[in-house]
Amino acid sequence: MLPYKKITIVAGLFALMIIGMAAVRPEQAPPKHKMNLKVLPKNISHEELGKVMDEWKNALGVKCNFCHAPSADSTSRRLDFASDAKPEKDIARHMFTMTGKINKKYFKFDKDEKDAVPAISCMTCHRGSPHPGESK
């Protein structure tokens, strides 16, 4: 009877081990953020995109939610960065394109040059205010 007890215990432990392994879910990768790049390079790194957004926030003296709409998921307090729901986002795109044209036409600014500093930037007009010409 002793060998049957050992086999039963080993089989039971093995079954518990299999059930335990099946119950543990593998760690899921964080959800990949959708990107909706229309004027910035499609291959921009997440780090470089963050730098550009920080520059724009600082130049306008605003937070991310000034241009980015809240997520459609009402339980989430996150922003939907891919959404075009807010007109301010489209205005920012037009302003970015405008400053690029001004720099190229009048200052011979080459956006591919790593060390070039554009003569015109968001800060030139906004100076920390969301609407140029207004003081904070």
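The values are calculated or read from the model by the stated rules, or taken from the named source; none is laboratory data. Just so we're clear, the structure is a prediction, and the values are computed from it rather than from any experiment. Cβ coordinates were reconstructed from backbone atoms using ideal geometry, including for glycine residues, and neighbour counts include every protein chain displayed.
Numbers at a glance
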item	result
Checklist (1) more than 28 Å from ILE120 (Cβ to Cβ); (2) among the small types (Gly, Ala, Ser); (3) in contact (Cβ under 8 Å) with a residue 24 or more places away in the chain applied to ALA23, failing item	(3)
Filter result (modelled with pLDDT under 90 and assigned to a helix (DSSP H, G or I)) within region 103-136	ASN103, LYS104, LYS105, TYR106, PHE107
Qualifying position, being within 18 Å of the chain's Cα centre (by Cα), more than 20 Å from CYS122 (Cβ to Cβ), polar (S, T, N, Q) and modelled with pLDDT under 95, among SER83, SER74	SER83
